[in-house]
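Notes follow once the structure below has been shown.
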Amino acid sequence: MLRDVVGANPRLLLVGINPSLHSERLGHHFAGPGNPFWRLLHASGLVPIALSYAEDQRLTEFGLALTNLCARASASAAELRREEFEEGKRRLQVKIQRLKPRFVVFVGLSAYQQFFGKRSSGGAGLKAERIGGARVFVLPNPSGRNANYPGFEDKLLWFRRLAELLASDPP
C-alpha cells in the first residue's frame, strides 16, 4: 500500500483515484514513466522547485498533502469495486476532517465523480461543493491517456488556475 504524503496544516489535499501498479512497486505517487504530474506542479507554480516522484514526501514543505480515494493499486481504476470506493469515501472524509485543508483537489474527474456520485460535472475547475469546509477543485488526470486533456499545456492551464486560486485565497 502506498503511504499518504501528509504534513501539518496542508493548504490543499491532492486526491488521486488510486495508485498505479508501477507507483506501488516504487513506493511513490505518480511514478509512472512519462506521467507529467510532477512537471505540472512545478510549471504551474504550485511548488517552487522541480520534484521527482521519488521526492513525493517533500510536498509537505510546500503545504501540500497527497492521498488516493482508493488505496489498492491496479492497472486501471475500472478494476476497483463499488465497495472500495465507498470505503475510500469514508476514509477520505475522516482525513479531511483531521487535516482541515483549505482545498480538496481531485486529480482527475473520475475521482471527483466517484466521491460525489456524479456522472458529469463539466470538467476541471472549481466546484460548488465543499467537504468539511474545504473548497473543491478538479484537475485533469495527468495521464497521457486522458483524451479530454491530451497535451501538457492542456493540463497545465488547470494546474495554473489552481495556483492562481490559492494565491488569491490567503489563509
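Here, each number is a calculation from the coordinates, and none is a lab measurement. Given the structure is predicted, the values throughout are model-derived calculations rather than measurements. Don't worry about glycine lacking a Cβ; one is built from the backbone with ideal geometry, like all the others, and counts go over all protein chains shown.
Starting from the range 98-119, take each residue that is touching a residue at least 12 places away in the same chain (Cβ under 8 Å) and in a loop (DSSP other than H, G, I, E, B) and list its partners that are of a type in the set (Asp, Glu) and surrounded by fewer than 21 Cβ atoms within 10 Å (Cβ to Cβ), counting only C-beta distances under 7 angstrom and pairs at least six apart or across chains.
Arg102/Asp169
Residue by residue through the range 51-72, note down the ones that are in a helix (DSSP H, G or I), surrounded by fewer than 19 Cβ atoms within 10 Å (Cβ to Cβ) and not aromatic (Phe, Trp, Tyr). Outline the logic, then answer.
Step one: of the range 51-72, the residues in a helix (DSSP H, G or I) are 53-62.
Imposing the further condition that a residue be surrounded by fewer than 19 Cβ atoms within 10 Å (Cβ to Cβ) reduces the set to 53-55, 57-58, 60-62.
Passing the criteria: Ala54, Glu55, Gln57, Arg58, Thr60, Glu61.
Among the residues of the range 11-39, write down those that are touching a strand residue (DSSP E or B) at 6+ places or on another chain (Cβ under 8 Å), surrounded by fewer than 23 Cβ atoms within 10 Å (Cβ to Cβ) and either outside any strand (DSSP E or B) or not small (Gly, Ala, Ser) (or both). It would help to see each step written out before you state the result.
Initially, the range 11-39 is screened for residues touching a strand residue (DSSP E or B) at 6+ places or on another chain (Cβ under 8 Å), giving 11-21, 29-32, 37.
This time we only want the ones that are surrounded by fewer than 23 Cβ atoms within 10 Å (Cβ to Cβ), so: 11, 20-21, 31-32.
Across the range 11-39, the qualifying residues are Arg11, Leu21, Ala31, Gly32.
Hey, can you tell me all the residues within the range 61-72 that are farther than 10 Å from Leu12 by Cβ and within 14 Å of the chain's Cα centre (by Cα)?
Answer for the range 61-72, where residues must be farther than 10 Å from Leu12 by Cβ and within 14 Å of the chain's Cα centre (by Cα): Thr67, Asn68, Leu69, Cys70, Ala71.
Of these, Gly132, Gly123, which one is over 19 Å from Val6 (Cβ atoms) and free of Cβ contacts under 8 Å to residues at least 60 places away in the same chain?
Working: Gly132 fails: over 19 Å from Val6 (Cβ atoms).
One residue alone meets the criteria, Gly123.
Among the residues of the range 40-50, count how many are within 23 Å of Gln113 (Cα to Cα) and surrounded by fewer than 19 Cβ atoms within 10 Å (Cβ to Cβ). Step through it out loud before you land on a result.
At the first step, the residues of the range 40-50 found to be within 23 Å of Gln113 (Cα to Cα) are 40-41.
Still in the running and surrounded by fewer than 19 Cβ atoms within 10 Å (Cβ to Cβ): none.
Residues that pass the stated criteria total 0.
Against the condition buried (at least 21 other Cβ atoms within 10 Å of the Cβ), of a type outside the set (Val, Ile, Thr) and farther than 18 Å from Thr67 by Cα, how does Lys155 come out, does it pass? Steps first, please.
Details: buried (at least 21 other Cβ atoms within 10 Å of the Cβ): yes; of a type outside the set (Val, Ile, Thr): yes; farther than 18 Å from Thr67 by Cα: yes.
In short, yes.
Take the range 120-146 and flag every residue that is surrounded by fewer than 20 Cβ atoms within 10 Å (Cβ to Cβ) and either in a loop (DSSP other than H, G, I, E, B) or among the aromatic types (Phe, Trp, Tyr) (or both).
Across the range 120-146, the qualifying residues are Ser120, Ser121, Gly122, Gly123, Gly132, Gly133, Ser143, Gly144, Arg145, Asn146.
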